[in-house]
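Q: The structure is given below, and queries will be raised subsequently.
Derivation of every value follows stated rules applied to the coordinates shown; laboratory data play no part. Being a predicted model, the structure only gives us computed values, none of them experimental. Here the Cβ positions follow ideal geometry from the backbone for every residue, glycine too, while neighbour counts run over all protein chains shown.
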Amino acid sequence: MPSSRTTPALARVLLVGAGRVGTAVTSLLASRGLETVAVASRSEASSAAAARFLGAPVARLDDLPEADLVIIGATDAGIAPLAAKVASSPSATARVVHLSGASGTECLDAVTRSGGIAWALHPVQACPDVDTAVRRLPGSVWGVTVTADPEGAERLVVHELGGRPVTVPEEARPLWHAASVMTSNGISALLAFGEELLGSIGIDDPSVVLGPLAAGTVANAREGGGGAATLTGPIARGEAGTIQRHLGALSGSPDLAERYKGVAMAILAAADRSGKLDASARRSIEDLLR
Ligand SMILES: NC(=O)c1ccc[n+]([C@@H]2O[C@H](COP(=O)([O-])OP(=O)(O)OC[C@H]3O[C@@H](n4cnc5c(N)ncnc54)[C@H](OP(=O)(O)O)[C@@H]3O)[C@@H](O)[C@H]2O)c1
């Protein structure tokens, strides 16, 4: 049962560029009582899949209907071309949202010129598919960069999407996004690396071994003041001998050894930030890694 309207001006939603996150966002808005007037995407397959998911009609990109809120769900290269379509449609003066982290409102310039309002709203969440996105987006933080009506954007994030808005200056968007990429994709890549190491010694189901460790590490960081503050392990303890044994075991696999050293350098930087490592232990470990 949708609760009472908190954003009365934004009753009609148009999804343009029907990717995973855009479809999920539109679905969450629909669950709050906003009407999905249509879905339009470059490919027929994406339009049809999103229209089915949302129970909404398909529109052509060259014949977009009028809406109060347009969600552009395309990846970075697609945002400006789709914004140009919106700017020459009956939705030209709507609030127009894109979901990219790296871009601010500049890629929506066509919309701003046509009298619309550009909102760059980036959900800080990992969304591998629509259903997962629908489950994970509520409670997430959203990076917000707007050309006008910041209160409206905040209301949308808080009341309609159950999110937590953080204002991000236009010029800070690339580093804002880099932080998300390093964290989310970095965790996935580190898990893949750990799985490869366990696979190399014949462990059958490496993700079962490492999953609880990864979950515990993330929980520690969330509860204990962040990654540097809760760093554990031989590098934080200054155990150069242990690092030397790891490198010795990897000496037959130059590729794995190189990747180990790259990750270990990042751990060393985190240990520096934590203030846990004394200078001479740091030097010994750095000498091994260089
Ligand atoms: N996935 C995540 O975890 C996540 C998290 C936070 C933010 N985001 C942001 O959300 C946005 C969408 O990501 P996504 O993962 O939902 O992407 P996606 O599922 O891969 O969908 C992207 C959509 O963009 C459209 N598109 C791509 N290039 C286009 C172009 N040149 N012209 C027109 N349309 C184009 C495609 O439409 P057709 O299929 O019709 O070709 C596709 O449906 C991105 O900006 C991304 O940075 C994603």
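Q: Calculate for the chain the 222 nm mean residue ellipticity that helices alone would give, adding -39,500 (n - 2.57) per DSSP H run of length 4 or more and normalising by residue count, nearest 500 deg cm²/dmol. Before the final figure, lay out the partial values.
A: Values: 12 runs with 146 residues, N = 290.
Using -39500 (n - 2.57) per qualifying helix, the result is -15500 deg cm²/dmol.
Q: Roughly how many Å is it from the Cα centre of segment 136-151 to that of segment 158-235, as a whole number?
A: Spelled out, the Cα-based centre of one part sits 22 Å from the other.
Q: As I understand it, the value is the acute angle between the Cα axis of helix 254-274 and the longest principal axis of the Cα atoms of the chain; what does it come to in degrees, rounded to 10?
A: Tilt relative to the chain: about 80 degrees.
Q: Report, in degrees rounded to the nearest 10, the 0 to 90 angle that the Cα long axis of helix 279-289 makes with the longest principal axis of the chain.
A: 80 degrees
Q: For segment 178-250, take N as its residue count and report Rg(C-alpha) divided by 2.2 N^0.38 Å. Please report the intermediate quantities before stating the final value.
A: On the way: Rg = 13.8 Å, N = 73, 2.2 N^0.38 = 11.2 Å.
Compactness ratio reported: 1.23.
Q: In addition: Over the Cα atoms, compute the radius of gyration (one decimal) and Dmax (the largest Cα-Cα distance, rounded to a whole number) for segment 226-290, in Å.
A: 11.5, 35
Q: Exposed loop sites here are GluC sites (Glu not before Pro) in DSSP loop states with at most 16 other C-beta atoms within 10 Å. What is the longest stretch of the chain lacking them?
A: On the way: sites that count: Glu66, Glu239.
Free of exposed loop sites, the longest segment is 67-238.
Q: Pull out a ≥ b ≥ c, the square roots of the eigenvalues of the alpha-carbon gyration tensor of the chain, then state rounded if a/c is under 1.5, prolate if not and a/b is larger than b/c, and oblate in the remaining case.
A: Values: a/c = 2.56, a/b = 2.24, b/c = 1.14.
Note, shape of the chain comes out prolate.
Q: Also, I was wondering about something else. Rounded to the nearest 20 Debye, what is the dipole magnitude of the chain about its Cα centre when Lys and Arg each give +1 and Asp and Glu each give -1 at the C-beta? Intermediate results must be reported in sequence, preceding the final value.
A: Numbers: 25 positive and 29 negative charges, 73 e Å.
Dipole size: approximately 340 debye.
Q: Let me ask something else. Can you work out the Karplus-derived ³J(HN,Hα) for every residue in segment 196-207? Use 6.51 cos²θ - 1.76 cosθ + 1.60 with θ = phi - 60°, whole Hz, and x for glycine or proline.
A: Going residue by residue, I get 5, 5, 5, x, 5, 10, x, 6, 5, 10, x, 5 Hz, with x marking Gly and Pro.
Q: Going by a ≥ b ≥ c, the root eigenvalues of the Cα gyration tensor, does segment 8-111 fall in the rounded group (a/c under 1.5), the prolate group (a/b larger than b/c) or the oblate group? If you can, show how the numbers build up before the last one.
A: Working: a/c = 1.32, a/b = 1.21, b/c = 1.10.
Rounded.
Q: Length gain on complete extension for the stretch Glu239 to Leu175, per 0.36 nm per residue less the alpha carbon to alpha carbon distance?
A: Numbers: separation 64, 0.36 × 64 = 23.04 nm, distance 3.28 nm.
Gain on stretching Glu239 to Leu175: 19.8 nm.
Q: Moving on to the next point. Estimate the FRET efficiency between Leu256 and Ile203 by the formula 1/(1 + (r/R0)^6), using the beta-carbon distance for r and 22 Å for R0, to the nearest 0.05.
A: Working: r = 15 Å, r/R0 = 0.68.
FRET efficiency, Leu256 to Ile203: 0.90.
Q: Give me the distance in nm between label points sitting 7 Å out from Cα along the Cα-to-Cβ direction at Arg60 and Ala215, one decimal.
A: Output for this residue pair reads 5.0 nm.
Q: Still on this model: Relative to the Cα centre, what is the charge dipole magnitude of segment 1-93, using +1 at the beta carbon of each Lys and Arg, -1 at the beta carbon of each Asp and Glu, and rounding to the nearest 20 debye? Don't skip to the end; give the middle numbers.
A: Values: 8 positive and 7 negative charges, 46 e Å.
In debye, rounded to 20, segment 1-93 gives about 220.
Q: Along the charge dipole of the chain, Cβ charges K/R +1 and D/E -1, which of Ser100, Gln244, Val58 sits furthest on the positive end?
A: Going by the Cα projections, it comes out as Gln244.
Q: Please work out the FRET efficiency for the pair Ala77 and Arg283, using the Cβ-Cβ distance as r and a Förster radius of 51 Å; give the result to the nearest 0.05.
A: 0.65
Q: Shape verdict for segment 199-240, please, from the Cα gyration tensor: rounded (a/c under 1.5), prolate (a/b greater than b/c) or oblate. Each step should come with its number before you reach the end.
A: Details: a/c = 5.07, a/b = 1.44, b/c = 3.51.
It is oblate, given that a/c is not under 1.5 and a/b is not larger than b/c.
Q: List residues of segment 259-290, by number, whose backbone nitrogen lies under 17 Å from a label position 7 Å along Cα→C-beta of Met182.
A: Answer for this model: 262-275.
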